[in-house]
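This report refers to the structure that appears directly beneath it.
The values are calculated or read from the model by the stated rules, or taken from the named source; none is laboratory data. Quick caveat: nothing in here was measured; it's all calculated off a predicted structure. Glycine gets a Cβ as well: all are built from the backbone with ideal geometry, and neighbour counts include every protein chain shown.
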């Protein structure tokens, strides 16, 4: 029973860590006006989409996407839709590609780029935020991709191993 609670607890912890990360690393921390957006939870969902049960990963992505919208965004529903889409895309891409850490990293970068670009588009259209595409790419997208790629590299092996063991245990039950 306790093993079933580890994954939701880990996801909730990551959800909480994203907001703490933003508080402790304000804009301009590296001497530049970079906007670093931690998508640690999304990275975990992408790894889940690749290595775990896709439908369960989609369910977690939708639930946490709604929580993310409620707590952090001005447009309710965007992450509720985008997190499951990212999981679905990652799962489908992983079926066509040989799944290893490099392809999983590339899939992760693609999905985070997709999410960030759609959020940028929605912020521009709905909220009338003024940031041109070049500024978005250089100030927000590239630093965000680097940050989340570093997180991915740190977390991939232990989290993937955990998911594969958990999947094996659930299939044997």
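Condition check ((1) touching a helix residue (DSSP H, G or I) at 6+ places or on another chain (Cβ under 7 Å); (2) surrounded by 13 or more Cβ atoms within 10 Å (Cβ to Cβ)) across all residues:
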site: 69; (1), (2): yes, yes
site: 76; (1), (2): yes, no
site: 82; (1), (2): yes, yes
site: 88; (1), (2): yes, yes
site: 98; (1), (2): no, no
site: 118; (1), (2): yes, yes
site: 124; (1), (2): no, yes
site: 127; (1), (2): no, no
When every residue in the stretch 85-132 that is in a loop (DSSP other than H, G, I, E, B) and without any contact (Cβ under 8 Å) to a residue 24 or more places away in the chain is compared, the one nearest to residue 149 (Cα to Cα) is 100
On the given criteria, is residue 42 assigned to a helix (DSSP H, G or I) and either in contact with a helix residue (DSSP H, G or I) (Cβ under 8 Å, 6 or more places away or on another chain) or farther than 22 Å from residue 147 by Cα (or both)? yes
Would you pick out the residues in the stretch 155-173 that are surrounded by fewer than 12 Cβ atoms within 10 Å (Cβ to Cβ) and either part of a helix (DSSP H, G or I) or in contact with a strand residue (DSSP E or B) (Cβ under 6 Å, 6 or more places away or on another chain) (or both)? 157, 158, 161, 165, 168, 169, 171, 172
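Based on what the data block shows, is residue 21 within 19 Å of residue 149 (Cα to Cα), surrounded by fewer than 17 Cβ atoms within 10 Å (Cβ to Cβ) and either out of contact with any strand residue (DSSP E or B) (no Cβ under 9 Å at 6 or more places or on another chain) or at pLDDT 85 or above (or both)?
Judged against the criteria, residue 21 is a match.
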